[in-house]
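The values are calculated or read from the model by the stated rules, or taken from the named source; none is laboratory data. Note that this is a predicted model, so its numbers are computed, not measured. Cβ sites come from the backbone with ideal geometry, for glycine too, and all protein chains shown count toward neighbours.
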Amino acid sequence: MHSAIENLLSNLPYYPCLLLVHREPLFLHARAFSLQEEYGWPALPVGEALTPKLLPLLPRERERSVSRLLAEAVRSAGSGPLLCTQIDLLFEPSLGLDPLALLRGISRQRPLIVIWPGSYSDGVLAYAVPEHSHYRTWARPDLCEYCIQQL
């Protein structure tokens, strides 16, 4: 994991977005906390940051607003790489988002380290587990070879 972080920060690929992937949310939460302690990076709990801004909007306005609101939150979250946690909101079916594409695009503003509950195996990235209602998969996600780390 640390070598992937070093590679990301020293090489800055086109999408400087590192996904730290594991099936257990509690394990990921502990990793996020330790990374924040070790590196001193700011953290953005995506759901916590966006939900209060999305709730007052009409349902049809929410989908159009997520990208802008996330970009604003990323810009205002301090400097340096940003640790993104609580990404579950991005998978809400009513928003109709492609969370991976959204995170890749936002990473062009600044490097993102994303805590991703799911799995990565044989070139397939998954969010959640198959039994989960928000389960999603991406075959051959458009990220550099070290930008997805199965923990």
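Determine which member of the set ALA71, ALA101, ALA77 is among the aliphatic types (A, V, I, L, M), farther than 18 Å from GLN150 by Cα and at pLDDT below 95.
So the residue among ALA71, ALA101, ALA77 that is among the aliphatic types (A, V, I, L, M), farther than 18 Å from GLN150 by Cα and at pLDDT below 95 is ALA77.
When the residues of region 81-94 are filtered to those that are farther than 15 Å from VAL114 by Cβ and in contact (Cβ under 8 Å) with a residue 40 or more places away in the chain, which remaining residue is surrounded by the most Cβ atoms within 10 Å (Cβ to Cβ)?
GLU92
Would you point out the residue of region 34-76, among those that are out of contact with any Leu (no Cβ under 7 Å at 6 or more places or on another chain) and of a type in the set (Gly, Ala, Ser), that is nearest to HIS2 (Cα to Cα)?
Here the residue is SER34.
Given the structure, is ASP142 touching a residue at least 40 places away in the same chain (Cβ under 8 Å), under 19 Å from ALA32 (Cα atoms) and either touching a Phe, Trp or Tyr at 6+ places or on another chain (Cβ under 6 Å) or not β-branched (Val, Ile, Thr) (or both)?
no
Here's the yes/no breakdown for (1) modelled with pLDDT under 95; (2) surrounded by fewer than 19 Cβ atoms within 10 Å (Cβ to Cβ); (3) touching an Asp or Glu at 6+ places or on another chain (Cβ under 8 Å); (4) closer than 20 Å to GLY118 by Cα:
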position: LEU26; (1), (2), (3), (4): yes, yes, no, yes
position: PHE33; (1), (2), (3), (4): yes, yes, no, yes
position: GLN36; (1), (2), (3), (4): yes, yes, no, no
position: TRP41; (1), (2), (3), (4): yes, no, no, no
position: PRO52; (1), (2), (3), (4): no, yes, no, no
position: LEU55; (1), (2), (3), (4): no, yes, no, no
position: ARG60; (1), (2), (3), (4): yes, yes, no, no
position: GLU63; (1), (2), (3), (4): yes, yes, no, no
position: VAL66; (1), (2), (3), (4): no, no, no, no
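Being touching a residue at least 24 places away in the same chain (Cβ under 8 Å), at positive phi and not small (Gly, Ala, Ser), is that true of even one residue in region 118-126?
Among the residues of region 118-126, not one is touching a residue at least 24 places away in the same chain (Cβ under 8 Å), at positive phi and not small (Gly, Ala, Ser), which makes the answer no.
Conditions (1) in a loop (DSSP other than H, G, I, E, B); (2) of a type in the set (A, V, I, L, M, F, W, C), marked per residue:
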position: SER3; (1), (2): no, no
position: LEU8; (1), (2): no, yes
position: TYR15; (1), (2): yes, no
position: SER34; (1), (2): no, no
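Within region 133-144, take every residue that is part of a loop (DSSP other than H, G, I, E, B) and touching a Pro at 6+ places or on another chain (Cβ under 9 Å) and give me the one that is farthest from ASP98 (Cα to Cα).
CYS144
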